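The values are calculated or read from the model by the stated rules, or taken from the named source; none is laboratory data. Only a predicted model underlies this, so the values are computations on that prediction, with no experimental measurement involved. Using ideal geometry, Cβ is built from the backbone for each residue, glycine included, and neighbour counts are taken over all protein chains shown.
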Amino acid sequence: MATESDVLDALKHVIDPELHTDIVDLGMVSNVRIDGGVVDVGIALTIASCPMRGQIETDVERRVAALPGVDEVVITTGVMTQEQRSTLMERARMNARENATPTAVAPSTRVIAVSSGKGGVGKSTLSVNLALAIADQGHTVGLLDADIWGFSAPRMLGATDTRLAANEDRKIVPTEIKGIHLVSTGLLLADEDTALMWRGLMLSKAVEQFLNDVAWPADLGYLIIDMPPGTGDVQMALARMLPQAEMVVVTTPQLAAQKVAARVADMARRSHMPIVGVVENMSGFVADDGKRYDIFGKGGGASLAADLGVELLGSVPIDVRVAEGGDSGDPVVTAHSDSPAGIELTSIAKRVTEILPPLALDSCIGRLATL
């Protein structure tokens, strides 16, 4: 006679056609009751009008009916609660990340997505300076400008006259500049004033190409990704394709920016992407007389870090040399490393590599990452 355990084992072979995971793992089996040779299976569907209902019911009946001692299978279908649907989607996202298709980025590469929920908080500035400061520590660093529409890394690094090329294997070769390996849509266009009028699907496809068709260095230790603002197609594509990615959240002291940044942190957690910490940009301005002016308020970065339960990695002060360096192609961490902003950005890079040290291939974790 079949037991409840036998039935659940059989149901683990029933795969949801859309989520590609078994219905037991997804929490879709609401109950199993056995009365002699009759087995009653409760199935909770995501929505009442689920188009896959018939296929799921047929698969359930076939699997359970094949067990010894089962004469009849009764299937009772219901609908999940909102909480159950949220749990199901979390499981589905986690499974998708765990079974991600390999990309050209080695699993042993530390991937850091510099993100925020809105534009204008300094993600690109942080990404460029973070990449340079980590490379200055002796690591091989790549910079992926994933802000497909709003690319700015080429300008900030003085690479506006450079264009991406392909190797003999027809793979894109990153532009090596100032000791880092750069890929950006800005290096594909005739000039930086050309607008990219692409819809969402094309954006995610471009990111996929940058991850699959780029000849990133074999010894790439860190890949910094300058993320576009928001929580849309590009963010979801990267979360799916790079399961090793971790996020640095950028905000300003302003409460409005803090609340928007919290949304991108929520996206990261729902996509099972760990958050390294928070960086507060534009934290204050110190005049020549030493007086400090909190132009955008104060405490937003620390408050956000506390809410997220992560570390405040640093607070970058307002410094005219940051903007000047971005415009001239001489970032502040190299051109003015002894300035307040340069010192703080270098400190943030050091803290990031302490939290995420390179994965040595001869370590246990490093070996597992390459399997």
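General remarks:
- Per the conditions (1) at pLDDT 80 or above; (2) under 12 Å from the mean Cα position of the chain (by Cα); (3) among the β-branched types (Val, Ile, Thr), the sole criterion not satisfied by Thr231 is (1).
- Of all residues making up the range 261-274, the number that are touching a Gly at 6+ places or on another chain (Cβ under 9 Å) and buried (at least 21 other Cβ atoms within 10 Å of the Cβ): 3
- Ile295 vs. criteria of a type in the set (A, V, I, L, M) and surrounded by 16 or more Cβ atoms within 10 Å (Cβ to Cβ): no
- In summary, Asp338 fulfils each of the numbered conditions (1) more than 18 Å from Val128 (Cβ to Cβ); (2) crowded, with 16+ Cβ neighbours inside 10 Å; (3) at pLDDT 90 or above with the single exception of condition (2).
- Within the range 115-132, tally of residues that are within 18 Å of Ser283 (Cβ to Cβ) and out of contact with any strand residue (DSSP E or B) (no Cβ under 7 Å at 6 or more places or on another chain): 4
- Test: residue in the range 144-153 that is part of a loop (DSSP other than H, G, I, E, B) and among the charged types (D, E, K, R): yes
- Residues that are buried (at least 23 other Cβ atoms within 10 Å of the Cβ) and within 23 Å of Lys298 (Cβ to Cβ), drawn from the range 226-260: Val248, Val249, Val250, Thr251, Thr252, Pro253, Ala257, Gln258
- In the condition set (1) under 21 Å from Val234 (Cβ atoms); (2) in a loop (DSSP other than H, G, I, E, B), Thr160 is compliant with all but (1).
- Some residue of the range 176-192 being outside any loop (DSSP other than H, G, I, E, B) and loosely packed, with under 15 Cβ neighbours inside 10 Å: yes
- For first residues located in the range 158-185 and in contact (Cβ under 8 Å) with a residue 12 or more places away in the chain and closer than 19 Å to Ile134 by Cβ, partners that are buried (at least 20 other Cβ atoms within 10 Å of the Cβ) and among the acidic types (Asp, Glu) and lie 6+ apart or on another chain with Cβ distances below 8 Å form the pairs Leu182/Asp145; Val183/Asp145; Ser184/Asp145.
- Being surrounded by 15 or more Cβ atoms within 10 Å (Cβ to Cβ) and either within 16 Å of the chain's Cα centre (by Cα) or closer than 17 Å to Asn212 by Cα (or both) is a property that does not hold for Ser152.
- Among the helices (runs of 4 or more DSSP H) confined to the range 240-349, the ones with at least 1 residues that are under 23 Å from the mean Cα position of the chain (by Cα) and without any contact (Cβ under 8 Å) to a residue 60 or more places away in the chain are located at 255-270, 300-308.
- Breaking point among (1) out of contact with any Gly (no Cβ under 7 Å at 6 or more places or on another chain); (2) surrounded by 21 or more Cβ atoms within 10 Å (Cβ to Cβ); (3) not in a helix (DSSP H, G or I), for Gly117: (1)
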